[in-house]
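The values are calculated or read from the model by the stated rules, or taken from the named source; none is laboratory data. Since this is a predicted model, take the numbers as computed values, not measurements. Neighbour counts are summed over all protein chains in view; Cβ atoms, including those assigned to glycine, are modelled from backbone coordinates with ideal geometry. Heavy atoms of the whole protein, side chains included, go into the accessibility calculation; ligands, DNA and RNA do not. Shrake-Rupley method; radii C 1.70, N 1.55, O 1.52, S 1.80 Å.
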Amino acid sequence: MVSGNLTHVTEFVLMGVSDRPELQIPLFLLFLLIYGLTVTGNLGIITLTSVDSRLQTPMYFFLRHLAVINLGNSTVIAPKMLVNFLVSKKTTSYYECATQLGGFLVFIVAEIFMLAVMAYDRYVAICNPLLYMVVVSRRICLLLVSLTYLYGFCTATVVTPCVFSVSYCLSNKINHFYCDNVPLLALSCSDTYIPETVVFIFSGTNLFFSMIIVLISYFNIVLAILRIRSSKGRQKAFSTCASHMVAVTVFYGTLLFMYLQPRTNHSLSTDKMASVFYTLVIPMLNPVIYSLRNKDVKDVLKGFLHSPCK
């Protein structure tokens, strides 16, 4: 039992990616570059898919919202992280920390299910092409995207208060570069069984159901592609989902590495490196993946660069 007269934490110290002083400026420059590329790439995707008539299909509608989510996720994390590289007092207030955790949860959960929605979209496009515009109508697209954001928000409003319902009174040093639930709960001086259970249930359920949707969709996509007789037809069908397959593989591969590693090898330092990848690196890579492997996006980008005012 923790004594009631202990001083409760009003601010936290974010230990960051590294505590070595000589690495602070090089790391600042590296992550500033990553964040700059993330903002440029995702704003580019949002702009192109909004203004060009060739990119007004459901696939690009979902891609636009994936870019919004990637941009939001990085912006929740990166600015505070960059500031902390340059200051000696790497603190964040109690409520600022709670807000950052809530924002992170909204966008990371939305990304998980947006990738699942995009997999379902590719399944319908390849397996039921004649019914595509009926099954994935404008109304259905808006509904799926709205539910994705709403579920991310609901997850944040349940998990965040749960994490901050415990007492923080012994240490305020978070072994991370942002306020995440696992390192936060590791600091608690009270019983964490309920919040840990809530975090585990939400994390496991979200990952399981989104992966089931992705796996079933791509299992049927592969079967449909194999049934196509002409090699040109198979190549065309595969090209429509190749970018998304790469993005899904990178994203889920990182999450599975983080959650399925043996307990004996698990550490907050490992989590920190994995978090760098899926909060900052993947949002930077997604616009590159979808641009380089997508002929429509490349054609629109070339036309936009040659005649931006047209």
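Quick look at the numbers
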quantity	calculated
Residues located in region 43-63, provided they are open to solvent by 40 Å² or more (accessible area, probe 1.4 Å) and closer than 22 Å to PHE104 by Cα	LEU43
Neighbours by Cβ (under 7 Å, 6+ apart or cross-chain): first from region 239-254, under 19 Å from ILE216 (Cβ atoms); second in a helix (DSSP H, G or I) and among the small types (Gly, Ala, Ser)	THR240/ALA125; HIS244/ALA119; VAL248/ALA119
Qualifying residue in region 228-238 (condition: more than 18 Å from THR155 (Cα to Cα), outside any helix (DSSP H, G or I) and not small (Gly, Ala, Ser))	yes
Meets criteria (touching a Pro at 6+ places or on another chain (Cβ under 7 Å) and open to solvent by 30 Å² or more (accessible area, probe 1.4 Å)) for ASN220	no
The one condition in (1) modelled with pLDDT under 95; (2) in contact with a helix residue (DSSP H, G or I) (Cβ under 9 Å, 6 or more places away or on another chain); (3) among the small types (Gly, Ala, Ser) that SER88 fails to fulfil	(2)
Selection status of ASP180, more than 19 Å from LEU66 (Cβ to Cβ) and either open to solvent by less than 10 Å² (accessible area, probe 1.4 Å) or in contact with a helix residue (DSSP H, G or I) (Cβ under 8 Å, 6 or more places away or on another chain) (or both)	yes
Of all residues in region 8-26 being without any contact (Cβ under 8 Å) to a residue 24 or more places away in the chain and acidic (Asp, Glu), the one that is nearest to TYR178 (Cα to Cα)	ASP19
Candidate set from region 173-198 (those that are among the charged types (D, E, K, R) and in contact (Cβ under 8 Å) with a residue 24 or more places away in the chain); member that is nearest to PRO161 (Cα to Cα)	ASP180
In region 148-172, the residues that are open to solvent by 50 Å² or more (accessible area, probe 1.4 Å), touching a residue at least 24 places away in the same chain (Cβ under 8 Å), closer than 20 Å to SER203 by Cα and among the hydrophobic types (A, V, I, L, M, F, W, C)	PHE153, VAL158
